[in-house]
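The structure appears below as structure tokens.
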Amino acid sequence: MSQFKSLPGFRAFYPEEFAERRFLFQVWRQMARRFGFQEFDGPVLESLELFKAKSGDEIESQLFSFEDKGGREVALRPELTPTLARMVAARANALKRPVKWFSIGDNFRYERMQKGRLRCFTQLNADILGEAGPAAELELLALLVNTLQGFGLGADDFFIRLSDRNLWMLYLEAQGFADETAKILEIVDKWERMPTESVLEKLESIVGDRAQSLAGILGSFLKVRTLPELTAAFANAGEGAEKSEAFQARLNDWTTLLDGLEAMGLSEFVEMDLSIVRGLAYYTGFVFEAFDRAKENRAIAGGGRYNSLIRKMGGPDMPAVGFGMGDVVLADALKERGIMPQFVDTVDAYLVIGGDAERGAALADANALRQSGFSIDYSFKNQAFGKQLKTASASGARFALIYGSEELEKGVVKLRNLADREEEDVPRSRLALELRDRLG
Ligand code: HAM
């Protein structure tokens, strides 16, 4: 074993592992393109400042940050959203709206290592900017579902919890906790993972002796699963809260979004569940996370609306919503279900070369065939035919092209189908045509 181990949380991808990675990227890219998203990328190293205020405390504590040789405070990106917001802010007036962009790239977080959590992971990010209404959420939820379906996952395997920070604000305001919303939502975020006593202790530190009643208020809101239950929760929250203009507008958005999901046939994938509030600081409205039904504690994807970030990046008022999907939890979900395809990187044809006298012809054909678009491999050394044919079969190549002295004298090579071992002579001048014919 080498003394130079890779760092904890950083992966090396051997070819079989890289092939799996390429498969994830292919499906991601194909689905994003199907939904009309354009691909982009930003720098992986940014100024520390960009993430400090924008991403929130949790991510800030996980930053890979250092001083570069020019004395700048810099950080590897823990997420793409602040960079995207800055890029869009810089060209906001020139960009055709809605902006629908996606990106596939590495992110870095100094996390406590556990299953599903690494320090370098890859995300698909898909974001829509310039659309304030829930049509944007609908498009993103549809992309999220279709992408997971594209990997062979179905409604038995995953579901999306849909929530709304805006509703939380309105609800807490109606209950008289307007000033404490941010701190209360931090607790809601950890609610499921915390014992009741710790919840109460934390609430007490924020609202003192109102903690017990606040716990009840939060608990009942967390049970809401339908729009009628939501209206009832607001009706209980305070004088006419369910009739307020702000609540009615939100209810409208929810209805539009849920109706849209129904129209697309996607309702079975999405559940209203207000326990999702998301740890990142910039979310302002709808928020959502996709979960593996078998392992609910780890999200495959997460996202939401962030309507003020573009302005904070020096741009105009521009509504935005998006999500990030990580490769680690996704690959685990596929492997655990045995639906990660097995890949072999192979070539179209392997050249089996008689010896020095035949090598020249083989090299000439190898180069010509490669220029015609075929993938070709051959042994660098002179070896017995049998040994080369074995290598050819083991490589997974479809065909072997055999360069023997007798064949070359006749201007042909033997083309062997490695699956059924059928052989035939093919004129060297027709090799590309014959191969193309057989490879389809
Ligand atoms: P996030 O919830 O922090 O959101 O990350 C999204 C997904 O990235 C997670 O659901 C998870 O699959 C994956 N992920 C996050 N951290 C790790 C890790 N340490 N190891 C492995 N996978 C991880 C965001 O990053 C937002 N910027 C998404 C977004 C885009 N919001 C709006 N637009």
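For the reader, a short list of remarks on this structure follows.
- Against the chain, whose longest principal axis is taken from its Cα atoms, helix 81-91 shows a tilt of about 90°.
- Selection of GluC sites (Glu not before Pro), the range 233-327, meeting DSSP coil and at most 13 other Cβ within 10 Å: GLU239
- Surface composition of the chain: carbon plus sulfur atoms hold 49% of the accessible area, using a 1.4 angstrom probe and ignoring ligands, DNA and RNA.
- Scaled against 2.2 N^0.38 Å for its residue count N, the alpha carbon radius of gyration of the range 247-297 is 1.30.
- By the Cα gyration tensor, the chain has an equivalent ellipsoid whose semi-axes, rounded to whole angstrom, run 56, 23, 21 from largest to smallest.
- Restriction of the trypsin sites (Lys or Arg not before Pro) in the range 295-359 to DSSP coil positions whose beta-carbon has at most 16 other beta-carbons within 10 angstrom yields ARG337.
- Applying Stokes-Einstein at 20 °C and 1.002 mPa s to the Kirkwood radius of the range 1-150, computed over alpha-carbon pairs, gives a translational diffusion coefficient of 124 µm² s⁻¹.
- Folded to 0 to 90 degrees: helix 245-263 orientation relative to the chain principal axis, Cα: 30 degrees
- Long-range HN-HN contacts of PHE64 with modeled amide H, under 5 Å: LEU76, TYR110
- Solvent-accessible area per residue, Å², over the chain with all protein chains present [probe radius 1.4 Å]: 50 Å²
- For the range 405-440 versus the range 159-235, the gap between their alpha-carbon centres in whole angstrom: 72 Å
- Relative contact order (%) - criterion: Cα under 8 Å, at least six apart; region: the range 349-439: 29 percent
- Our summary gives the chain a relative contact order of 16 percent, counting only alpha carbon pairs under 8 angstrom and 6 or more residues apart.
- Net charge dipole size for the chain [Lys, Arg +1 and Asp, Glu -1 on Cβ; Debye, nearest 20]: 1100 debye
- Taking each of LYS390/LYS414; LYS52/LYS312; LYS5/LYS69; LYS387/LYS414; LYS190/LYS335 in turn, the alpha-carbon distance tops 18 angstrom for LYS5/LYS69; LYS190/LYS335.
- In the chain, a dipole from Cβ-located charges (positive for Lys and Arg, negative for Asp and Glu) runs towards its positive end, and of SER220, VAL412, GLY324 it is VAL412 whose Cα lies farthest in that direction.
- Gaussian network model of the chain, Cα within-10 Å springs - most flexible of LEU76, LEU408, LEU153: LEU408
- Positive end of the dipole of the chain (Cβ unit charges, origin at the Cα centre): among LEU274, ILE128, GLN3, the Cα lying farthest that way belongs to GLN3.
- All-pairs alpha carbon distance profile, the range 256-365, 10 Å steps from 0, percent: 11, 25, 23, 13, 10, 9, 9, 1
- Among SER429, SER244, SER395, the largest mean-square fluctuation in a Gaussian network model of the chain (Cα springs under 10 Å) belongs to SER429.
- Rounded to 10°, Cα long-axis angle of helix 385-395 versus longest principal axis of the chain: 10 degrees
The values are calculated or read from the model by the stated rules, or taken from the named source; none is laboratory data. It should be emphasised that the depicted structure is a prediction, and the values quoted were computed from it without experimental measurement. We place every Cβ from the backbone using ideal geometry, glycine too, and count neighbours over all the protein chains shown. The protein model used for the area step is the full one, side chains on, heavy atoms only, and it has no ligands, DNA or RNA in it. Shrake-Rupley method; radii C 1.70, N 1.55, O 1.52, S 1.80 Å.
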